[in-house]
Structure formats: C-alpha cells, structure tokens
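Heads up: the structure comes next, in structure tokens.
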Amino acid sequence: MPQAKPLRSSSTGALAGTARVPGDKSISHRALMFGAVAVGETVIHGLLEGEDVLHTAAAMRALGAFAERGADGVWRVRGVGVGGLGEPAQVLDMGNSGTAARLLIGLVSAHPITTFFTGDGSLNKRPMARVITPLEQMGASFVSRAGGRLPLAVIGSDKMVPITYRLPVPSAQVKSAVLLAGLNTQGVTTVIEAEPTRDHSELMLRHFGATVTTERLEDGALAVSVTGQPELTGREIVVPADPSSAAFPAVAALLRPGSELLLTDVGLNPRRAGIYETLVEMGGDIEYLNRRDLAGEPVADLRVKGSALKGVVVPAERAPSMIDEYPVLAAAAACAEGTTVMLGLKELRVKESDRLAMVAEGLTRCGVKVEVGADDSLTVHGTGKPPQGGATVATAMDHRIAMSFLVLGMATAEPVQVDDGTFIDTSFPGFVGLMNGLGAKIA
C-alpha cells in the first residue's frame, strides 16, 4: 500500500490556457484487450498511461500477447487471435480498475484456462457477482470471496453457449463482459439494456472487424448482439482525451470568474457527455469547436469560460452517460445559485467507494447543505457563492473523490484538503501539474 499523500487546494484567480488531458481510460483498456485478441499489429496513439491501464497492459502480456510502448510514445500490440489467450503463470493484478477486471473476466471466461484475479484494497471490495451471473449461464465457473468479490478464479471454457441476457441494472461493464465472452462462443450472444450505456465496446469491436448489431425492441430497450468467433484484425487507434478527466478542469474554470480554458480532443460520445449537457443547462459557457471523429468516436475542442451557475434537476435517465462525473458536478452545484437535484444515483454506491455517501459527507464538511434521498438521489443547496471550505475530506482511495474536492477548493473561501491524492494517478497522471499550470494552487 503506497503511503498516503495529502493534497491541499486553495482559492485561485482566473484559470487560463490550453490543455489536453490524458487519453480516455475506457477506450485505452479496450484498445489493449481487443488488440490482444486480434490478428496482426494494433498501433495505439495517445493511450492513457495511468496505473489502471498499465495493469491491463501487464495482464495482456501475461495472457500471451505483446503489448509495449515504443520510444515514440506509441503503443503496439501484437495479438493472438480470438480464442488464443494462454493461461497466465501468475495472478493478474488489476489495481484499482473495475472496468479492466470485469471486461477481462468476461474475455478469459471463454478460454479453456484458469485465471486468478486480484486488485487493490478498493477493487477487492467491489462486487463482481454482476458479471459472474451471466458468465456462469454461458458455461464458465468461478471461485470467489463472499459476495463474488476479488480475489477470484475464473475457470474458463471453450464450449460456452450463447445467451440473451437482460441487464438488471444499466452497466456498460457487465454488457461488455458478456459480449467479450461471446467473441469466442459459437452463435450470437445478446445483451438487452433498458437504458443505453457506454458503447465503446460496440464501436471498437466493429472497428476491429466484428459483427455487432444494435436493435430497438418493442419495449424501448436496446438489444446488442455479437456474432461469435470472428477474425479480428489489428487496427490503428487514436485515443481521444478522456471526457471524465476533462470535466475537472472544465468545472474549475466555470467556478472561477474570468477563466478561459481550451481543452483539446475531448471525447464526446453521446453516452459519455451527460456532464457537459448538464453544465450547459446550469448556465455554463461551454463552446464545442472543431468537431470530428477519431476511430469512430466523436471528439471536439472545448472552450470553457467562467460562468454564474444555477441549480437544475438532473434526470435519472441521464445517469448512465455521466455516472463518474457526479462528484465533480456536486462541486459545481455547491457553488451554484439554487438547488440541484441529482436523481438515480444507485450505481454510485458500488464505485471505487460509496461515492454518494462520500460526496455528501465531504460537502457537509465544507459547509454545504446536502440531502441523500432514500431513492439514491443527491440534493445540493447552493447559495450562489462558493462555500466556506476549510475541511479535510476523506477519499477512501477514490481518485474521483480526491480530484472533485480539489476542484472545489479552488473556489472555497478556505482551502480544502484531501487525505490522500495517491490514487489520482490511476486515471489522471499529472493532474496536479496540469491544473497548477492553468493557474490552480494545489500543494
């Protein structure tokens, strides 16, 4: 366990400058995994080199693929083909990443190998039963701690059967795990989702040559299907800047009068961009420039200016498109005029921490009036000016909690300290340096 590294953020003047935040974490994980089961070489530009993604790269090497960073900063993956992964000689350590763990559990389950998974203290508390249930229906076996938690063993099979699985809770990770198991399964594997979730897996699988279809059902749900045992071919991938990471400097700029930032190459997949839609509804001055596509993913440069924000109601159906951004949205709501109500946040209970409880506790410490509803809603009462601050906030090893309260501290009357910023590097390496380069005061 690394030694805790407290960080303190103090009120700053206007933020200014141009920045490209690190590459999209979700896309980076998938690029490494899909490249590892493709034939030929996959060339990846702009891969996020945070700890989570580096754990995924190490796991793919342990499973038999080549995955290395060149001196030019470009990553190259030489794959083994669908069904070609080999049994690793050691336990796969997935660090802090639920995405990597759940997707890779799905991928190896359709191979006749036994694979052991573990993670850090936070990941080992997170539930894996949600992926175990459908994968057992397909023919894989599991041995895990109580509640389906890591460490666990996957006893895979190359005799898996295709299923049609309706997600009980919207989850791109569970959807992707089932689809990846379906890659090495004869026939068509289908996942039905009542609400659209991130579709990075579908887009990238098509980019590699898989047959993936999406059909709207009579009840309004989406049926996403993959045809098993395709030959995937290595591709070139340019990873957009991570929209979740870009949300931190974006909110910081909105909260400081006179600020103007240009955030380049930000991924704006419609199923990931809910935070920006919400910030604009709150009165945020965000302009989308130079819209274009990178490897099937829509991107743009964002010009963000300091703005007077107002409270809004964020509907539950928007949650899948911004589930990771609610902590930093709560920081924005704390400085807005009026009440902001965020609905449908149940999924926040099972992230790197219980983010709903952690956000509420941290805001309360900073002098903000909040309520957590029995329906897993969060209500934040803003006064139109930044709260007092002056608190030390517990992060529970959660990188997004840490960054969100450091952003809040850039606006509060007194500094805000987080008890540990060590885990920020899992998703946003260089966060403190980037923010300070734009005018923040994080020490």
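Descriptive notes on the structure:
- 5 angstrom amide H check on Tyr165, placed H, neighbours 5+ away: Thr190, Val191, Ile192
- Within-13-Å neighbourhood charge of Phe66 [Cβ basis; K, R +1; D, E -1]: +2
- Gain on full stretching of the segment that runs from Thr383 to Glu277 - 0.36 nm per residue minus C-alpha separation: 36.0 nm
- Residue separation of Thr339 and Asn436 scaled by 0.36 nm, minus their Cα-Cα distance, works out to 31.9 nm of gained length.
- Computed E for Glu260/Asp219 - FRET, C-beta separation, R0 41 angstrom, nearest 0.05: 0.35
- Straight Cα distances below 30 angstrom link Lys125 to the lysines Lys5, Lys25, Lys175, Lys346, Lys351, Lys369, with same-chain residues fewer than 8 positions distant left out.
- For Gly382, residues with placed amide H under 5 Å, excluding near neighbours: Gly338, Thr339, Thr340
- Inter-label distance, nm, simple model (7 Å from Cα along the C-beta direction), Glu236/Val74: 0.7 nm
- Options Ile192, Gly46, Met94, ranked by Cα towards positive dipole end of the range 25-238, top entry (Cβ charges): Met94
- For the chain, adding -39500 (n - 2.57) for each run of n ≥ 4 DSSP H residues and dividing by the number of residues yields -8500 deg cm²/dmol at 222 nm.
- Listed residues Ala140, Ala67, Ala153, most fluctuating in the chain (Gaussian network, C-alpha, under 10 Å): Ala153
- Thr133 paired with Lys369, simple spin-label distance in nm, labels 7 Å along Cα-to-beta-carbon: 3.9 nm
- Ascending count of other beta-carbon atoms within 10 Å, so fewest first, for Glu218, Glu236, Glu414: Glu218, Glu236, Glu414
- Net length gained if the chain between Arg291 and Thr211 were fully extended (0.36 nm per residue, minus Cα distance): 26.1 nm
- Taken about its Cα centre, the range 25-238 carries a charge dipole of roughly 340 debye when the Cβ of each Lys and Arg holds +1 and the Cβ of each Asp and Glu holds -1.
- Equivalent ellipsoid of the chain: semi-axes from √(5λ) of the C-alpha gyration tensor, largest first, are 36, 22, 21 Å.
- For Pro134, neighbours were defined as the other residues whose beta-carbon sits under 15 Å from its Cβ, and their charges (Lys and Arg +1, Asp and Glu -1) total +2.
- With both labels modelled 7 Å from their Cα along Cα-to-Cβ, the Val169 to Arg8 distance reads 3.8 nm.
- Anisotropy class of the range 25-238 from Cα gyration tensor, a/c 1.5 cut: rounded
Read-outs: derived from the displayed coordinates by stated rules, not from any lab. These numbers come from a predicted model, not from an experiment. With ideal geometry, Cβ positions are generated from the backbone for all residues, glycine too; neighbour counts draw on all protein chains shown.
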